[in-house]
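Asker: Have a look at this one.
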Amino acid sequence: MVHSAAAALTALALGWTLWHGLAEPGTALVFGALITVGELARRGARETPGDREPAPLGCAGALAYALLGQNAGNATAHGVLQIIAVVVAAALVGIVPHVALGRGPALDHVSRRVLSVGFAAVCFQPLSSSGNLGEWFGHGPSYAGFLVLILVLTALCDAVLAAAMTRARTRWPFGPLLRDELRALLGIGSAICATGAVMALAVAVAGLWALPVFSVPLLLTQMSFRRIAAVRTTYRQTITSLARSTEIAGYTPHGHARRVAALSCAVGRELGLSEPDLTVLEYAALMHDIGQLSLVDPVPAGATAPLPAGEQRRIALLGGAVVRQTGVPPEVAVVVERQADPYRDQPLTARIVRTVNAYDDLVGGTGTGTGRLGGSLEALEQLRLGTGHDYQPEVVESLARVLSRGLTQSPPG
């Protein structure tokens, strides 16, 4: 529905603009060039629909054009449909090189950009072109406050759209998804909105020459985010490599840590964990078996679930001691250390890791019938029998729902 609405609005805007021509083509060209540069400078990695805004400069330029009421003191004449047409055309030009390299933008991002910019333009342009905006707010702090209010409403609209589209695609709970989107507004989202408002105000006073000056800070911020993302990717790859040491040494089956991490994150999403908690959950799930390196003789098939409680606890404590030396957040070590405790004494992340690890041990990593119990249904039944002491019933049922939908996506990077 969202994609269809964005496509219909885009077709209408492009058709109307082609039929009537551009109002103030110089201004449209400058803002179009800014949006194109922002798209060209988008992150180099392949996007997934759940990523945050990958082209903040292009988004800020689009919002500034939507909120532009004056140019160097002169009233502007572009309308809502022209704004959408210019934004879409400029964005298409900017993403062509990325598409050629096989890393084009996700359709969700394109649809959200069209609808959010259209929302901001509809809220601002009719009041500006009619003259009511100047009569009501003047050109002082009240005018700037009105722009901020529109940007806040636009950001909320975009967050709701992002959460709803992710919900429709994954069937994860809407509330936690919206919470994560709203939390993201405090980071790059606030920078985009603030830059868009400042650009619009600066052009209204100083003209189009103000755009390059106010574009540089956001471009530098985007470069910083790219470096941070690269560091996080390298950090996760290091943890993944460390987790594979148990596989290389022959203590656990091939791919066990990766499967437990992916399924744990899916269960965590199902239970509404926040993104910081999901990161802790992912790291702990990847390294949950690291304590097995202390064993003289490997556990058969690396399955710790059938071991005596004392042996499970010893392996968990040794694993937590190793994890504390890796520099990961201390919460990760706590999850690893406490995965053998009774579930009532565990944090939720440890309950998830313990349940998913036991499930993977029971099905032999296939979930389809080659494990010790012959299949996932039998494994789930075995887990349900252990809900009195070992496994939290809500986690087991969440795991069952995830498995029934096949939602075992890779953990977030």
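Read-outs: derived from the displayed coordinates by stated rules, not from any lab. These figures come from a predicted structure and were not determined experimentally. Positions of Cβ are generated from backbone atoms using ideal geometry, with glycine treated the same way; all protein chains shown enter the neighbour counts.
Asker: Compute the Cα gyration tensor for the range 130-259, then decide on rounded, prolate or oblate, letting a ≥ b ≥ c be the square roots of its eigenvalues: rounded whenever a/c is under 1.5, prolate when a/b is larger than b/c in the other cases, and oblate in all that remain.
Answerer: Oblate, since a/c reaches 1.5 and b/c is not below a/b.
Asker: Here is a follow-up. Taking θ = phi - 60°, what integer Hz values does the Karplus form 6.51 cos²θ - 1.76 cosθ + 1.60 yield along the range 307-319, in sequence order, with x for Gly and Pro?
Answerer: 5, x, 4, x, 5, 4, 5, 5, 5, 5, 5, 5, x
Asker: For T387 and A206, FRET efficiency with R0 = 56 Å and r from the beta-carbon atoms, rounded to 0.05?
Answerer: 0.25
Asker: Looking at the range 79-207 from every direction and averaging, what is the projected area of its Cα convex hull in nm²?
Answerer: 9.4 nm²
Asker: With θ set to phi - 60°, apply the Karplus curve 6.51 cos²θ - 1.76 cosθ + 1.60 along the range 215-224 and write out the HN-Hα couplings as whole Hz, x wherever there is a Gly or Pro.
Answerer: 7, 4, x, 5, 5, 5, 4, 4, 5, 5
Asker: Modelled label-to-label distance, L295 and W136, 7 Å Cα→beta-carbon offset: nm?
Answerer: 6.9 nm
Asker: Hey, what do the phi angles of the range 383-400 turn into as Karplus ³J(HN,Hα) couplings, whole Hz, using 6.51/-1.76/1.60 and θ = phi - 60°, x for Gly and Pro?
Answerer: Using θ = phi - 60°, the values come out as 5, 4, 5, x, 6, x, 9, 8, 10, 6, x, 5, 5, 4, 5, 5, 4, 4 Hz.
Asker: Also, quick follow-up: Tell me which of P342, L385, A77 sits at the most positive position along the dipole axis of the chain, charges placed on C-beta atoms (Lys, Arg +1; Asp, Glu -1).
Answerer: The Cα lying farthest towards the positive end belongs to A77.
Asker: Would you mind getting me the FRET efficiency between V99 and S224? Use the beta-carbon distance for r and R0 = 41 Å, nearest 0.05.
Answerer: Calculated transfer efficiency: 0.95.
Asker: Which percent of the Cα-Cα distances in the range 198-288 go past 24 Å?
Answerer: The answer is 48 percent, as a whole percent.
Asker: How would you rank 3-12, 120-129, 196-205, highest first, on the average number of other Cβ atoms within 10 Å across their residues?
Answerer: The peptides rank, most packed first, as 196-205, 120-129, 3-12.
Asker: How much length, in nm to one decimal, is gained on full extension between Q237 and A309, taken as 0.36 nm per residue of separation minus their Cα-Cα distance?
Answerer: Length difference between fully extended and current span is 22.8 nm.
Asker: Work out, step by step, the length gained on full extension between V122 and R183: first 0.36 nm times the residue separation, then minus their alpha carbon distance; give nm to one decimal.
Answerer: My answer for the length gained is 19.4 nm.
Asker: OK, next. I'd like to know how the range 191-246 sits against the 2.2 N^0.38 Å rule of thumb: what's its Cα Rg over that expected value?
Answerer: The reported ratio for this selection is 1.86.
Asker: How compact is the chain by the rule of thumb for globular proteins, expressed as Cα Rg over 2.2 N^0.38 Å?
Answerer: 1.20
Asker: So between L92 and A77, what do we pick up on full extension, going 0.36 nm a residue minus the alpha carbon distance?
Answerer: Result: 3.0 nm gained on full extension.
Asker: Now for a different question. N71's amide H: which non-local residues (gap 5+, or another chain) put their own amide H closer than 5 Å, with H modeled 1.01 Å from N in plane and none for Pro or chain starts?
Answerer: T76
Asker: Ok, one more. What nm value, rounded to one decimal, do you get for the distance between R344 and L18 when each label is placed 7 Å out toward the C-beta?
Answerer: 6.9 nm
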